[in-house]
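Notes for the one structure printed next.
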Amino acid sequence: MYKLIDGKVMSSTMRWIIAQGVNGYKDKYKRDVGLVVVMVGDNPASAIYVRNKIKACEEVGIKSYSYHLPEETEQAQLENLINDLAVDNNVDGILVQLPLPKHIDAENVLKLIPAKKDVDGFSSENVGKLCLGEEGIVACTPNGIMKMLEHYGIETAGKRAVVVGRSNIVGKPMAMLLLNADATVTVCHSKTKNLKEECLNADILVAAIGKPKYITEDMVKQGAVVIDVGMNRDENGKLCGDVDFEKVKDKCSYITPVPGGVGPMTITMLMYNTLQAAVNGEKF
Ligand code: NAP
């Protein structure tokens with residue numbers, strides 16, 4: 001019988017703990033913990049993500065500042081804003097909601113966020129620290145997954161982990177975290193030959209592909225831990241993951257549902273990273 005990894009329950013417990021940390025920080029340093037969320041344009045999905053992030057800030061006591069700029073904002077205007085925020089002492093974390101409009105070079109914008117305020121963990125400095133096993137800010141989604149594995153007592157050392165997907169925000173940092181936790185890691189992608197064979201080797205299988213129900217029961221080893229990062233719509237417009245949950249679940253020891261698995265933890269880890277950025281700011 002499989003066990004469900006409940007991201008909702010874990011997330012609400014973690015938010016309570018983070019709220020205690022934020023209160024303690026405010027008492028000690030007599031200042032707020034501040035997160036800025038910058039959004040450009042009117043992408044409806046981005047608007048929902050931004051709203052949820054602001055709501056999470058309220059829940060844990062982080063002061064949020066939101067900048068919603070028009071679609072036609074120019075590169076220089078956006079860069080000027082980020083440069084101002086980079087030196088603003090009220091701001092501990094800066095988050096630029098992606099995707100940005102096509103005429104904006106996102107890479108050049110993100111580069112302006114100082115590593116210590118990079119609460120998404122995307123900067124080359126933070127990614128480099130992750131690769132070297134040094135303390136830094138780690139991308140929210142994979143970091144949340146590691147917290148889930150720890151919380152459910154799922155051993156990683158010596159296990160075979162297969163990560164399907166190699167994006168900079170999920171697949172690559174996920175693989176590095178699992179490697180740092182002593183798993184033997186394989187990373188698969190769209191050019192991988194025999195994906196099914198690779199997946200069948202996995203004690204821990206992480207799917208971060210972006211294709212509805214792509215991982216089917218014949219790709220999963222009996223007793224595997226399956227982590228589904230995907231957020232897709234099925235043929236009926238219903239939210240679903242990259243894993244065919246109904247068919248795969250009975251082969252698993254643990255599995256994350258969609259919704260209610262990895263998703264809720266991602267925003268919680270953003271709160272965690274923002275508090276970490278504020279605390280680090282007092283140290284250096
Ligand atoms: P992405 O940047 O599009 O990357 C997808 C990865 O999957 C790529 O590395 C791609 O390989 C690989 N891939 C595509 N088709 C494949 C196939 N047929 N076989 C094997 N690998 C294949 O996506 P992402 O940003 O990592 O996101 C992945 C999914 O997670 C999406 O559904 C996204 O919405 C979701 N997501 C959820 C959260 C959350 O909080 N729950 C957070 C972030 C993302 P190539 O590199 O070769 O193209």
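Derivation of every value follows stated rules applied to the coordinates shown; laboratory data play no part. Values in this document were obtained by computation on a predicted structure and should not be read as measured data. As a convention, Cβ positions derive from the backbone with ideal geometry for all residues, glycine included, and neighbour counts pool all protein chains shown.
The figures follow:
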| item | result |
| --- | --- |
| Flag if residue 210 is out of contact with any Asp or Glu (no Cβ under 6 Å at 6 or more places or on another chain), part of a loop (DSSP other than H, G, I, E, B) and either in contact (Cβ under 8 Å) with a residue 40 or more places away in the chain or away from the ligand (no atom under 16 Å from the Cβ) (or both) | yes |
| Matching residues, the stretch 187-204, being in contact (Cβ under 8 Å) with a residue 24 or more places away in the chain, more than 12 Å from the ligand (Cβ to nearest atom) and not small (Gly, Ala, Ser) | 201, 203, 204 |
| Filtered residue count, the stretch 216-244, keeping only those that are more than 12 Å from the ligand (Cβ to nearest atom), aliphatic (A, V, I, L, M) and farther than 16 Å from residue 6 by Cβ | 2 |
| Number of positions in the stretch 150-178 that are within 21 Å of residue 273 (Cα to Cα) and either without any contact (Cβ under 8 Å) to a residue 60 or more places away in the chain or surrounded by 24 or more Cβ atoms within 10 Å (Cβ to Cβ) (or both) | 13 |
| Those residues of the stretch 121-136 which are surrounded by fewer than 20 Cβ atoms within 10 Å (Cβ to Cβ) and either of a type in the set (A, V, I, L, M) or touching a strand residue (DSSP E or B) at 6+ places or on another chain (Cβ under 7 Å) (or both), in sequence order | 132 |
| Any chance residue 247 is more than 18 Å from residue 95 (Cβ to Cβ), more than 16 Å from the ligand (Cβ to nearest atom) and not acidic (Asp, Glu) | yes |
| Sole residue being farther than 12 Å from residue 227 by Cβ, among the polar types (S, T, N, Q) and more than 9 Å from the ligand (Cβ to nearest atom), chosen from 168, 180 | 180 |
| Residue ID - nearest to the chain's Cα centre (by Cα), chosen from residues in the stretch 137-165 that are within 14 Å of the ligand (Cβ to nearest atom) and assigned to a loop (DSSP other than H, G, I, E, B) | 139 |
| Subset tally (residues that are in a loop (DSSP other than H, G, I, E, B), more than 17 Å from residue 143 (Cβ to Cβ) and among the β-branched types (Val, Ile, Thr)) for the stretch 84-128 | 4 |
| Selected residue (only one of 42, 105, 6 is surrounded by fewer than 16 Cβ atoms within 10 Å (Cβ to Cβ) and over 19 Å from residue 121 (Cα atoms)) | 42 |
| Whichever residue in the stretch 13-43 is among the polar types (S, T, N, Q) and free of Cβ contacts under 8 Å to residues at least 24 places away in the same chain and, among such residues, is nearest to residue 222 (Cα to Cα) | 13 |
| Test result for residue 280, of a type in the set (S, T, N, Q), over 13 Å from residue 141 (Cβ atoms), within 9 Å of the ligand (Cβ to nearest atom) and out of contact with any Ser or Thr (no Cβ under 8 Å at 6 or more places or on another chain) | no |
| Test: residue 210 is under 16 Å from the mean Cα position of the chain (by Cα) and surrounded by fewer than 16 Cβ atoms within 10 Å (Cβ to Cβ) | yes |
| Scope the stretch 81-109; condition without any contact (Cβ under 8 Å) to a residue 60 or more places away in the chain and more than 19 Å from residue 34 (Cβ to Cβ); matching residues | 98, 99, 102, 103, 105, 106, 107, 108, 109 |
